[in-house]
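The values are calculated or read from the model by the stated rules, or taken from the named source; none is laboratory data. As the structure is a computational prediction, the values presented were derived from the model and not from experiment. Glycine also receives a Cβ, built like all others from the backbone with ideal geometry; neighbour counts cover every protein chain displayed. Ligands, DNA and RNA are stripped out before the accessible areas are found, and what is left, the full protein with its side chains, is counted by its heavy atoms. Shrake-Rupley method; radii C 1.70, N 1.55, O 1.52, S 1.80 Å.
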Amino acid sequence: MQKFFVKDNQIDGEIIEILGEDVNHIINVLRLKKEDEIQICVVEDIIQNYIVKIVKYDKEKVTCKIIR
């Protein structure tokens, strides 16, 4: 399972938005689609890991919903 790193401010409730270079990597290199699962790691004051499902994406961001 692919793992991506985000900042705490990219999380809003159960929604995580992936931004920057990772968007191109997810869409064009890995060719992930809606409903695919990935792992997200948040490294701020404490380390948190989430399993998320991709709910939508465009050229600028990948929006995911936390499932675990």
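Where does the chain land at 222 nm, in deg cm²/dmol rounded to the nearest 500, when only DSSP H runs of n ≥ 4 count, each adding -39500 (n - 2.57), divided by all residues?
Numbers: 1 runs with 4 residues, N = 68.
Counting only the DSSP helices, I get -1000 deg cm²/dmol.
For region 29-68, report the accessible area per residue in Å² (1.4 Å probe, heavy atoms, rounded to an integer). Present the calculation step by step, with values, prior to reporting the outcome.
Values: 2790 Å² over 40 residues.
Heavy-atom SASA per residue in region 29-68 reads 70 Å².
What does the charge add up to near Val62, with Lys and Arg as +1, Asp and Glu as -1, over the other residues with Cβ less than 13 Å from its Cβ?
Details: positive: Arg31, Lys33, Lys34, Lys53, Lys56, Lys59, Lys61, Lys65; negative: Glu17, Glu21, Asp22, Glu35, Asp36, Glu37, Asp58, Glu60.
Surrounding charge for Val62 is 0.
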Express the carbon and sulfur contribution to the solvent-accessible surface of the chain as a percent, rounded to the nearest whole number, probe 1.4 angstrom. 45
Picking from Tyr50, Ile26, Ile11, whose Cα lies most toward the positive end of the charge dipole for the chain (charges on Cβ: Lys, Arg +1; Asp, Glu -1)? Ile26
Sites Val55 and Ile27, calculated FRET efficiency, Cβ-Cβ separation with R0 22 Å, nearest 0.05: 0.95
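Hey, any idea what the orientation-averaged projected area of the convex hull of region 23-68's Cα atoms comes to, in nm²?
Numbers: hull surface 13.4 nm².
Mean projected area for region 23-68: 3.3 nm², to one decimal.
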